[in-house]
Amino acid sequence: MVRFIEENTKMVEKETENKSSTDVITAKKKVLQDLIINNGGGLVNSWVDSMRACSPTHLKSLMKQSSWLTEHPSALDMFEEILHLSEGKQIVMFLDYDGTLSPIVDDPDQAFMSKKMRGTVRKLANCFPTAIVSGRCKEKVYNFVKLTELYYAGSHGMDIQGPEQGSKYKEDSKSILCQPATEFLPMIDEVYQKLTEKTSLTPGAKVENNKFCVSVHFRRVNEKNWSDLANQVRSVMKDYPKLRLTQGRKVLEVRPIIKWDKGKALEFLLESLGYGNCTDVFPLYIGDDRTDEDAFKILKKRRQGLGILVSKFPKETNASYSLQEPDEVMNFLQRLVEWKQLRSGA
Ligand SMILES: O=P(O)(O)OC[C@H]1O[C@H](O[C@H]2O[C@H](CO)[C@@H](O)[C@H](O)[C@H]2O)[C@H](O)[C@@H](O)[C@@H]1O
């Protein structure tokens, strides 16, 4: 029990890293209270509650769509303003995959992007340096996207690679490679096996190996079994203090405790492209998930470019603008391409 409390306190410290000390103390107290009262059950409940709280039904009632849209207007409606903000700067595109380029579906293996979206992303990469930043492993996301001219940052940015066919924006782009969590590979494989075994009797549960991280899917599990599934995850995780959990859309993601996320991946890619200390760069990051918030935060901190959240419902976010669904993302990207082609007289 003592070890479990220590591990979860560490987890809270990680989760609240950039928050004020009062926030950290309050979060620690809450976990400790939950653990004492429920012998760990509180932590599980808070994951499950948080997952429920992110469901569209709950979100709808939480905030008024109209006031949210005032704070995070549609990137399509504000297209001219966005172009104005990027004036004289090099646009660099960062795109999340699931829920951004492909619609959310029940089976993660069937999350295909449309041919039209692929065509649009291809044209986009011809106009601006473009990277896909995903929680999935790089190989899997490449198999969906199938474009050799892109930068790929898989496993939440823990596996970054430059374009296979080289890039017109950077001569030695093929040599761009970053894998800050290689030492965790054996541990991730082991935890993947254990989670698969542990969850095998929960109908609908699916464990996905994303190379440097593992996803436990709740989407096809009956909501009344969510706590059981979260408990199974907790019982495996308690033996791995060097791993932590984050939460996505009906998914718990297991990953190394290293200080690396989609925000760090964005910074790494900007640096690799030669825009590290540059003021005339305009990174545009489009994503739908909690893990994309790390990238939105970095953009805010750098006061550079902007984040666009893909969501039909009001959500707490560090993004400046919004788009409702992948179809709107495609329209936005298409307009960027047309604008760029017009400017360069192509
Ligand atoms: O960073 P992302 O590219 O958004 O990856 C986050 C997770 O995406 C995938 O799961 C999500 O999409 C699935 C297919 O639409 C859906 O079934 C699931 O409920 C969503 O959470 C992917 O399968 C996960 O491994 C990623 O962690």
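The values are calculated or read from the model by the stated rules, or taken from the named source; none is laboratory data. Note that this is a predicted model, so its numbers are computed, not measured. Please note: Cβ atoms are built from the backbone with ideal geometry, for glycine as well, and neighbour counts cover all protein chains shown. Ligands, DNA and RNA are excluded from the accessible area calculation, which covers all protein heavy atoms including side chains. Shrake-Rupley method; radii C 1.70, N 1.55, O 1.52, S 1.80 Å.
Points to keep in mind about this one:
- Top-ranked residue of the stretch 220-236 - restricted to ones that are without any contact (Cβ under 8 Å) to a residue 40 or more places away in the chain and open to solvent by 20 Å² or more (accessible area, probe 1.4 Å), ranked as nearest to GLN110 (Cα to Cα): ASN222
- Looking across PHE144, PHE112, one residue alone is in contact (Cβ under 8 Å) with a residue 24 or more places away in the chain, assigned to a helix (DSSP H, G or I) and over 18 Å from VAL337 (Cα atoms). It is PHE144.
- Selection within the stretch 42-88 - at pLDDT below 65 and either touching a strand residue (DSSP E or B) at 6+ places or on another chain (Cβ under 6 Å) or crowded, with 16+ Cβ neighbours inside 10 Å (or both): GLY42, LEU59
- GLN179 open to solvent by 50 Å² or more (accessible area, probe 1.4 Å) and in contact with a Ser or Thr (Cβ under 6 Å, 6 or more places away or on another chain): no
- Qualifying residue in the stretch 306-316 (condition: basic (Lys, Arg) and assigned to a loop (DSSP other than H, G, I, E, B)): yes
- Meets criteria (within 15 Å of ALA205 (Cβ to Cβ) and out of contact with any Phe, Trp or Tyr (no Cβ under 8 Å at 6 or more places or on another chain)) for ASN222: yes
- Scan of the stretch 174-183 for residues that are free of Cβ contacts under 8 Å to residues at least 40 places away in the same chain and either within 14 Å of the ligand (Cβ to nearest atom) or not basic (Lys, Arg) (or both), ordered by number: SER175, LEU177, GLN179, THR182, GLU183
- Top-ranked residue of the stretch 187-210 - restricted to ones that are within 14 Å of the ligand (Cβ to nearest atom) and aliphatic (A, V, I, L, M), ranked as farthest from ASN231 (Cα to Cα): ILE188
- Any hit, the stretch 113-122, residues being surrounded by 20 or more Cβ atoms within 10 Å (Cβ to Cβ) and under 30 Å from ALA205 (Cα atoms): yes
- With respect to (1) in contact with a strand residue (DSSP E or B) (Cβ under 8 Å, 6 or more places away or on another chain); (2) within 11 Å of the ligand (Cβ to nearest atom), the lone exception for LEU245 is condition (2).
- The condition (being of a type outside the set (A, V, I, L, M) and over 30 Å from VAL337 (Cβ atoms)) is satisfied by just one residue among ASP280, ASP228: ASP228.
Residues are listed down the side, and each one gets a yes or a no for (1) farther than 30 Å from TYR240 by Cβ; (2) within 16 Å of the ligand (Cβ to nearest atom):
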position	(1), (2)
ASP107	no, yes
THR130	yes, yes
VAL133	no, yes
CYS137	no, yes
PHE144	no, yes
ILE160	no, yes
LYS170	yes, no
LEU185	no, no
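- Search result, residues across the stretch 318-334 that are assigned to a loop (DSSP other than H, G, I, E, B) and surrounded by 20 or more Cβ atoms within 10 Å (Cβ to Cβ): ALA319, SER320
- Close Cβ contacts (under 6 Å, 6 or more residues apart or on different chains) running from residues in the stretch 239-263 that are open to solvent by 50 Å² or more (accessible area, probe 1.4 Å) to residues that are among the basic types (Lys, Arg) and near the ligand (Cβ under 9 Å from one of its atoms) comprise LYS250/ARG219.
- Of residues in the stretch 146-158 being open to solvent by less than 10 Å² (accessible area, probe 1.4 Å) and more than 21 Å from GLN90 (Cα to Cα), the one nearest to the ligand (Cβ to nearest atom): HIS156
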